[in-house]
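Before any comments, here is the structure.
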Amino acid sequence: MLSRSSFTSLVVGVFAVYVAHTCWVMYGIVYTRPCPAAADGAAGAAGGCVWPYLARRPKLQLSVYTTTRSSIGGESNIDLVLNVEDFDIESKFERTVNVSVPKKTRNNGTLYAFVFLHHAGILPWHDGKQVHIVSPLTTYMVPKPEEINLLTGESATQQIEAEKQTNALDEPVSHWRSRLTLNVMVEDFVFDGSSLPADVHRYMKMVQLGKTVHYLPILFIDQLSNRVKDLMVINRSTTELPLTVSYDKISLGKLRFWIHMQDAVYSLQQFGFSEKDADEVKGIFVDTNLYFLALTFFVAAFHLLFDFLAFKNDISFWKKKRSMIGMSTKAVLWRCFSTVVIFLFLLDEQTSLLVLIPAGIGAVIELWKVKKALKMTIRWQGLRPKFQFGAYNDSEKKTEEYDAQAMKYLSYLLYPLCIGGAGYSLLNVKYKSWYSWLINSFVNGVYAFGFLFMLPQLFVNYKMKSVAHLPWKAFTYKAFNTFIDDIFAFIITMPTSHRLACFRDDVVFLVYLYQRWLYPVDKSRVNEYGESYEEKSKKKS
């Protein structure tokens, strides 16, 4: 059976292999091997090279049509919304147009955009060398319920109307995508016909010109730029909606990277991620510089590693713990309560699963730690559980006295602040329901004054003049994650109070470090496993 150290080494080794493999895959995406025979034109034609049609510098035209059908065969039942003559693939532009919304779309239907890139002066369906791409301009989502003032919100009649509206809002309705982002790959890159990249190949259209094979311009729609914040509910009375069409050129490396990212987001949705969850992932890619994005990847990988090691060491610490000497039971109870409240708050705010899942796992672990701290055992009498609590020894009772003394002084400050904050928010802030107000009040108390509940443990450390009873391995990994969370606080969308709490934890950990420096190691004092250094030496002799 593997020891703890060898298991940790195995995990770190697997992590290093994973990071190296990911870097190799990313290099394969960004770098594409050109056709080796492209240096000689005649040899390139015979050697299976695929040449860019844009190298001939044709005059192009960009046309955008809308229709309620997912395929078109001619000019019938389509509307031209944008026409760019003498289209320059090197020039960036952004234009806002008004799009007529058909009755079918207003009745919870779908509307598609057909984007054509074709020769100037020729209609798209008459041009044999045109390229086109299709994108839906609508998507289905459950609208966010309207927030009200719980005390002065509305009359009884308005409440009945709100209940009807809430029942209707439980079903997804059609939303308008107000942005359409277009890209054309502008590099005169010569592909090797025998090893075309699979990601780009599905966007390529080939034509035979003489003895050489050419690929037509690669047209791409950036779906990652479609964010939830830009969506608009389509009302039945709406006849026109604005559409912002933007264009920019794109390199081959970035095009391949973007295709893979879009496929990854699509895969998340297939695995059950909601539109909002997928939108959080989109925000990481769209709103972040590519170099900063690469840094974010490595930071996220290390965050995952430290999360695992922190959970592992924390569970190992509490699994072997036989005594609560030097440990604040009140701090353990508060940490459990605050973790559960934060999880319920993130669930109520429909936060990204990237934040929600670790919070849920942490809540389960904290509940288990409370069971260990209270020495609780559960015995079943039929279907009814019976809870039994163990007794504390004299040293543990002394720790409980310090703990109770710290909580007594703390309550004078904490309770008025929490009650006052809850009353203020009830009068001045709008909420979806009473449950939402209750959870928000709890979580605001946790975030704003939660660090105060860490003071009892600091007070116990001060009274005992020792920190040897604390799980320092788990603390160290959590500290690394806290500093990593400071970076993620500016990347991942989350409530502002949750973002500020990340920086609060930095201060608390620095205080713990100061206490560790202040109180040197006492080899006669028991450690977190109920053993002392001197006892171990006697056993060995």
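The values are calculated or read from the model by the stated rules, or taken from the named source; none is laboratory data. Note that the structure is predicted; figures quoted are calculated from it, not measured. In this analysis, Cβ positions are derived from the backbone assuming ideal geometry, glycine residues included, and neighbour counts consider all displayed protein chains. All accessible areas refer to the heavy atoms of the entire protein, side chains included, with ligands and DNA or RNA removed. Shrake-Rupley method; radii C 1.70, N 1.55, O 1.52, S 1.80 Å.
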Review point. In the stretch 262-297, how many are modelled with pLDDT of 75 or more and either open to solvent by 60 Å² or more (accessible area, probe 1.4 Å) or not in a helix (DSSP H, G or I) (or both)?
Key: 2
Point to revise | Of residues in the stretch 223-249 being touching a Lys or Arg at 6+ places or on another chain (Cβ under 9 Å) and of a type in the set (Asp, Glu), the one modelled with the highest pLDDT | key: Asp248
Practice item. Go through the stretch 425-434 and give me each residue that's open to solvent by 90 Å² or more (accessible area, probe 1.4 Å) and out of contact with any Leu (no Cβ under 9 Å at 6 or more places or on another chain). Key: Asn428
Point to revise | Condition broken by Leu305, with the remaining ones in (1) open to solvent by 40 Å² or more (accessible area, probe 1.4 Å); (2) among the hydrophobic types (A, V, I, L, M, F, W, C); (3) not assigned by the TED database to the domain that holds Tyr112 satisfied | key: (1)
**Study point:** So Val200, is it part of a helix (DSSP H, G or I), of a type outside the set (Ser, Thr, Tyr) and modelled with pLDDT of 90 or more
**Key:** yes
Practice item. Would you check if there is a residue in the stretch 131-139 being open to solvent by 50 Å² or more (accessible area, probe 1.4 Å), modelled with pLDDT under 90 and in contact with a strand residue (DSSP E or B) (Cβ under 9 Å, 6 or more places away or on another chain)? Key: no
Exercise for review: Go through (1) modelled with pLDDT under 90; (2) surrounded by 14 or more Cβ atoms within 10 Å (Cβ to Cβ); (3) under 25 Å from the mean Cα position of the chain (by Cα); (4) more than 25 Å from Val81 (Cα to Cα) one by one and return the number of the condition Leu255 breaks.
Suggested key: (1)
Review point. Restricting attention to the stretch 58-85, which residues are within 26 Å of Val200 (Cα to Cα), more than 39 Å from the chain's Cα centre (by Cα) and either open to solvent by less than 80 Å² (accessible area, probe 1.4 Å) or at pLDDT below 90 (or both)?
Key: Pro58, Leu60, Gly73
Check your understanding: Which members of the stretch 320-336 meet the condition of being part of a helix (DSSP H, G or I) and touching a helix residue (DSSP H, G or I) at 6+ places or on another chain (Cβ under 8 Å)?
Key -> Thr329, Lys330, Ala331, Val332, Leu333, Trp334, Arg335, Cys336
Check your understanding: Of all residues in the stretch 106-119, which are under 13 Å from Arg177 (Cα atoms) and either β-branched (Val, Ile, Thr) or open to solvent by less than 10 Å² (accessible area, probe 1.4 Å) (or both)?
Key -> Thr110, Leu111, Ala113
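Tell me, please, whether a residue that is within 30 Å of Asn461 (Cβ to Cβ), open to solvent by 70 Å² or more (accessible area, probe 1.4 Å) and in a loop (DSSP other than H, G, I, E, B) can be found in the stretch 392-410.
Yes, the stretch 392-410 contains at least one residue that is within 30 Å of Asn461 (Cβ to Cβ), open to solvent by 70 Å² or more (accessible area, probe 1.4 Å) and in a loop (DSSP other than H, G, I, E, B).
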Point to revise | Hits in the stretch 170-202 - residues which are in contact (Cβ under 8 Å) with a residue 40 or more places away in the chain and closer than 16 Å to Met141 by Cβ | key: Val173, Ser174, His175, Trp176, Arg177, Ser178, Arg179
Review point. Which residue pairs have Cβ atoms under 9 Å apart, sit 6 or more places apart or on different chains, and have a first residue in the stretch 1-20 that is over 26 Å from Leu295 (Cβ atoms) and open to solvent by 90 Å² or more (accessible area, probe 1.4 Å) and a second that is charged (D, E, K, R) and at pLDDT 70 or above?
Key: Arg4/Lys312
Review point. Looking at Met185, is it open to solvent by less than 40 Å² (accessible area, probe 1.4 Å) and at pLDDT below 90?
Key: no
Review point. Just wondering, is there one or more residues in the stretch 223-244 that are open to solvent by less than 20 Å² (accessible area, probe 1.4 Å) and in a helix (DSSP H, G or I)?
Key: yes
